[in-house]
Amino acid sequence: MYSLIHYSRDNELALIGLHQAPVNALGHALRRELAEACRQAAADPAVKALVLHGQDLPFSAGADIGEFGSDFTWAEPSLPALLEQLESLDKPVVAAIAGVALGGGLELAMACGYRVAEASAQLGLPEILLGLIPGAGGTQRLPRLVGAEQALQLILSGQRLGAGKAHELGLVDRLADNRDDLLERACAFARELLADAAPARPAWPHAEPAAGLDDHYFDAYAARQVSRWHGQVAPQLALAAVQSAGQLPLAAGLALEQELFQQALASAQSAALRHLFFAEREALKIPGVTRDTALRPIGKVAVIGAGTMGGGIAMNFVNAGIPVVLLELKREALDRGLAQIRKNYEISVQRGKLDEVQLQQRMALFCTTLDYADLADADLVIEAVFENLEIKQQVFRTLDEVCKPGAILASNTSTLDVDRIAAVTRRPQDVIGLHFFSPANVMRLLEIVRGAATAPDALATTLQLARKIGKIPVVSGVCFGFIGNRMLEPYAREAHRLVLEGASPAQVDRVLTNLGLAMGVFAMYDLAGIDVGYLVRESRRAAIAHDPSYCKLADALYERGRYGQKSGSGFYRYAGRERLEDGEVIALAEQLAGTLGIQRRVISDQEIHDRCLFMLINEGIQLLDEGIALRSADIDLVWVNGYGFPAWRGGPLYYAEQLGLQRVLSGIRNYRETLGVYGETWLRPAPLLERLVAAGHQRIERC
Ligand code: T1G
């Protein structure tokens, strides 16, 4: 009768186990069987109460995201309808939550009268992360369970709650120590309810969810978020839905929620965010690496270099409970690095993200050394030394001598050739690139650079480890700058050249931040350091010899000691953290333009958008054609998670598909023709882009 539901009786209880691997996503087939099982239990006079559980799977990860946009999305029984059916039962229903109850999964649990959770369970309404809002009662039932203010914070952040916190808030009635005794505890609780003649569902703890909030609470909340919500649809809809929970009866609130949910679901922003949800999972699927590729055990990690990057990298592993040995050349460098790590954790304690015990536990997982011999038993070694090939090669020669067979030897290089690093060892199959983004303990992107000789199991191990330390891994082939920095080159080149041609740094940055980028090019370089960019260019002067015009302004600023925020001026002038336009920079640009014979002119915002974005997109397409990136969605993940591209636009290549590939190609061709020698030199359409447009393709894929 059922294939996705396990229906059984335990005396007066009906046990309904959801059983659709891997996460009980509430797709149409599961919804239909669950509705039937609830009808069966409701109609059976011997059944006095129901217990809903995840069988041996997580309780439920919510609606089936893969169904959205299809006819199945709300095919009867829709999830809202199913939950109203559940809520109307006149028998107590206890949800036994193991693993996760997220989105529609938590909404399912909230439609039950009572909830028991295993102590390690995670509960939440992460719809906002998909550009959605809870669409099956979450914006109406959660405020009635925990109050509108707490509900709003959970819904707008999409954050997960641990079961203990959920219990404190009244979202969970009982806790079970672990998964093994969860079902037993839930059944005992159901019998307790029956013995007490408890109602099928108790009165709402917050019948007036907005009680105690002033009349302007929601308007004031929205006003404070204007810049953060810039251009985004879902947060406004979510706020309106939660606000209605304090104004409308449940039925009317559910109806309004449904209208607002459908608006969010139809938005291009949600489609873009759902694209990225699946892109993150697709990025783990690598040719030559299958689910049964044996992983190398990683019990101890060594990090070479205790500077900003090394320290941040080390923290990732300690945060995941993996001991780290930190190596430096000098004791004072080690002490400085460790002190900075402790300071980072102390800030987390001040912010309530850690407690003192956890801080001590984490610091206890560090040990330090000046002696490479102490790395002999490390399973993974990551070097984060100065970005110079010879220095890195020397480090790897030493590692080749001291590290045990099978240890993975990784370089955190951001641009250098991993194959040339591997070549100085006798074990190139164990060498890989792990490019963390600064601050390494915060940024989620991790570019995993697969060398020509990198072994599949070394690659599989680092992919799995990346997920364990909370990173979003993207595999890149070997080229200068891998995926992210390779694309940054033309994007930043157009920005710099546009300032010589007549735009201001502030105008360029404003166009980019108005598109949704976290930071404009010039603000970014001022933050990263103009001196850093200068040194990278110095290492590649030959590669840009034919037209260094676009570097002249940055070089000139460097020569004047204007290194950016760190020196109080760069492309901008800084009063504390305030960024101010500087007429001196414009004057310098005018002077350089004269020297270079560049005719300055008024530059439109549209030209800034097109030249910066189209050349970013073009380079991404070229990377795909060269096989450096495996798929266009990988490139989107890199720029959303490493360079601040707005997630609700799906990433640069997804954005190109929305703009239309013909428009991108025509734009590049137009500027190639109208920008003289510079245009001919630098604005060359990627051959794959031309092939895709010629073939009438809408999607970016290799062909
Ligand atoms: N729908 C469809 N597939 C899902 C899914 C979902 N909700 N959640 C996970 N998967 C797939 C995923 O694509 C992968 O597939 C496999 O399950 C394992 O996932 C009405 C509208 C639950 C914490 O946002 O956060 O409910 O790659 O690799 O690391 O109001 O998955 O193996 O083929 O991530 O252990 C709201 C999304 C939906 C939760 C498990 N729910 N999922 O993490 O495994 S909208 C979410 C997660 C909604 C209602 C609204 C995580 C996880 P494949 P995984 P994991």
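The values are calculated or read from the model by the stated rules, or taken from the named source; none is laboratory data. Just so it is clear, the structure is predicted and the values come from calculations on it, not from any experiment. Glycine also receives a Cβ, built like all others from the backbone with ideal geometry; neighbour counts cover every protein chain displayed.
Residues in the range 478-509 that are of a type outside the set (A, V, I, L, M, F, W, C) and either free of Cβ contacts under 8 Å to residues at least 60 places away in the same chain or more than 16 Å from ILE603 (Cα to Cα) (or both): GLY481, GLY484, ASN485, ARG486, GLU489, PRO490, TYR491, HIS496, ASP509. Scoring ILE603 on the criteria (1) in a helix (DSSP H, G or I); (2) over 30 Å from the mean Cα position of the chain (by Cα); (3) closer than 22 Å to ASN514 by Cβ; (4) not polar (S, T, N, Q) leaves a single failure, condition (1). Residues in the range 642-701 that are crowded, with 22+ Cβ neighbours inside 10 Å and β-branched (Val, Ile, Thr): VAL664, ILE668, ILE700. Residues in the range 185-193 include none that are closer than 26 Å to LYS353 by Cβ and modelled with pLDDT of 95 or more. Of the helices (runs of 4 or more DSSP H) entirely within the range 156-242, those holding at least 2 residues that are closer than 17 Å to LEU123 by Cβ and aliphatic (A, V, I, L, M) occupy 163-169, 179-195. Considering only residues that are among the basic types (Lys, Arg) and more than 16 Å from the chain's Cα centre (by Cα), look in the range 460-502 and name the one that is nearest to the ligand (Cβ to nearest atom). Once the filter is applied, the top-ranked residue is ARG486. Regarding GLY502, is this residue in contact with a Ser or Thr (Cβ under 8 Å, 6 or more places away or on another chain) and crowded, with 17+ Cβ neighbours inside 10 Å? Judged against the criteria, GLY502 is not a match.
Just one of the listed residues (LEU152, LEU145, LEU182) is more than 18 Å from LYS91 (Cβ to Cβ), hydrophobic (A, V, I, L, M, F, W, C), within 26 Å of the chain's Cα centre (by Cα) and at pLDDT 95 or above, and it is LEU152.
Per-residue answers, yes or no, for (1) surrounded by 12 or more Cβ atoms within 10 Å (Cβ to Cβ); (2) closer than 21 Å to ALA166 by Cα; (3) touching a His at 6+ places or on another chain (Cβ under 7 Å):
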{"position": "ARG191", "(1), (2), (3)": "yes, no, no"}
{"position": "ARG201", "(1), (2), (3)": "yes, yes, no"}
{"position": "TRP204", "(1), (2), (3)": "yes, yes, no"}
{"position": "ALA207", "(1), (2), (3)": "no, yes, no"}
{"position": "ASP214", "(1), (2), (3)": "no, no, no"}
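Among the residues of the range 70-123, what is the count of those that are surrounded by 23 or more Cβ atoms within 10 Å (Cβ to Cβ), outside any helix (DSSP H, G or I) and near the ligand (Cβ under 9 Å from one of its atoms)? Total meeting the criteria: 3. All of (1) assigned to a loop (DSSP other than H, G, I, E, B); (2) in the same structural domain as HIS435 (by TED's automatic domain parsing); (3) within 24 Å of the chain's Cα centre (by Cα) hold for LEU329 with one exception: (3).
Go over the candidates ALA294, ALA255, ALA264 one by one and state the one that is in a helix (DSSP H, G or I), away from the ligand (no atom under 13 Å from the Cβ) and farther than 30 Å from LEU370 by Cα.
Working: ALA294 fails: in a helix (DSSP H, G or I); ALA264 fails: away from the ligand (no atom under 13 Å from the Cβ).
Of the residues listed, the single one that is in a helix (DSSP H, G or I), away from the ligand (no atom under 13 Å from the Cβ) and farther than 30 Å from LEU370 by Cα is ALA255.
Looking at VAL47, VAL23, which is the one that is within 17 Å of GLY113 (Cα to Cα), at pLDDT 95 or above, in the same structural domain as ASP181 (by TED's automatic domain parsing) and part of a loop (DSSP other than H, G, I, E, B)?
Exactly one of VAL47, VAL23 is within 17 Å of GLY113 (Cα to Cα), at pLDDT 95 or above, in the same structural domain as ASP181 (by TED's automatic domain parsing) and part of a loop (DSSP other than H, G, I, E, B), namely VAL47.
In this structure, is GLN247 part of a loop (DSSP other than H, G, I, E, B), more than 30 Å from GLN55 (Cα to Cα) and either away from the ligand (no atom under 16 Å from the Cβ) or not polar (S, T, N, Q) (or both)? When the stated conditions are applied, GLN247 passes them. Summed over the range 50-69, the residues that are part of a loop (DSSP other than H, G, I, E, B), within 7 Å of the ligand (Cβ to nearest atom) and of a type in the set (A, V, I, L, M) give a count of 1. What about GLU387, is it acidic (Asp, Glu), under 30 Å from PHE480 (Cβ atoms), at pLDDT below 95 and surrounded by 15 or more Cβ atoms within 10 Å (Cβ to Cβ)? Yes; evaluated as a whole, the condition is true for this residue. In the range 51-108, of all residues being of a type in the set (S, T, N, Q) and touching a Leu at 6+ places or on another chain (Cβ under 7 Å), the one that is nearest to ARG32 (Cα to Cα) corresponds to SER60.
Within the range 41-65, residues that are more than 20 Å from GLY103 (Cα to Cα) have Cβ atoms under 7 Å from residues that are aromatic (Phe, Trp, Tyr) and surrounded by fewer than 24 Cβ atoms within 10 Å (Cβ to Cβ) in no pair, counting only partners at least 6 apart in sequence or on another chain.
Test SER411 against the criterion of being closer than 18 Å to THR308 by Cβ and surrounded by fewer than 21 Cβ atoms within 10 Å (Cβ to Cβ), and give yes or no. Break it down into steps so the answer makes sense when it comes.
On the way: closer than 18 Å to THR308 by Cβ: yes; surrounded by fewer than 21 Cβ atoms within 10 Å (Cβ to Cβ): no.
Against the criterion (closer than 18 Å to THR308 by Cβ and surrounded by fewer than 21 Cβ atoms within 10 Å (Cβ to Cβ)), SER411 does not qualify.
Do we have any residue at all in the range 34-44 that's within 16 Å of the ligand (Cβ to nearest atom) and surrounded by 20 or more Cβ atoms within 10 Å (Cβ to Cβ)? Show your work before the answer.
Pass one, the range 34-44, residues within 16 Å of the ligand (Cβ to nearest atom): 34-35.
Retained after the next criterion (residues that are surrounded by 20 or more Cβ atoms within 10 Å (Cβ to Cβ)): 34.
Yes, because at least one residue in the range 34-44 is within 16 Å of the ligand (Cβ to nearest atom) and surrounded by 20 or more Cβ atoms within 10 Å (Cβ to Cβ).
For beta carbons closer than 7 Å, sequence separation of 6+ or different chains, a first residue in the range 280-292 that is outside the structural domain of VAL640 (by TED's automatic domain parsing) and a second that is of a type in the set (Val, Ile, Thr) and more than 13 Å from the ligand (Cβ to nearest atom), the qualifying pairs are ALA283/VAL474; ILE286/VAL475.
Kindly establish whether GLN258 is closer than 28 Å to HIS206 by Cα, free of Cβ contacts under 8 Å to residues at least 40 places away in the same chain and surrounded by fewer than 20 Cβ atoms within 10 Å (Cβ to Cβ).
Values: closer than 28 Å to HIS206 by Cα: yes; free of Cβ contacts under 8 Å to residues at least 40 places away in the same chain: no; surrounded by fewer than 20 Cβ atoms within 10 Å (Cβ to Cβ): yes.
Spelling it out, it is not the case that GLN258 is closer than 28 Å to HIS206 by Cα, free of Cβ contacts under 8 Å to residues at least 40 places away in the same chain and surrounded by fewer than 20 Cβ atoms within 10 Å (Cβ to Cβ).
Would you check if there is a residue in the range 16-23 being among the polar types (S, T, N, Q), closer than 18 Å to ALA63 by Cα, in contact with a strand residue (DSSP E or B) (Cβ under 7 Å, 6 or more places away or on another chain) and within 16 Å of the ligand (Cβ to nearest atom)? No, because not a single residue in the range 16-23 is among the polar types (S, T, N, Q), closer than 18 Å to ALA63 by Cα, in contact with a strand residue (DSSP E or B) (Cβ under 7 Å, 6 or more places away or on another chain) and within 16 Å of the ligand (Cβ to nearest atom).
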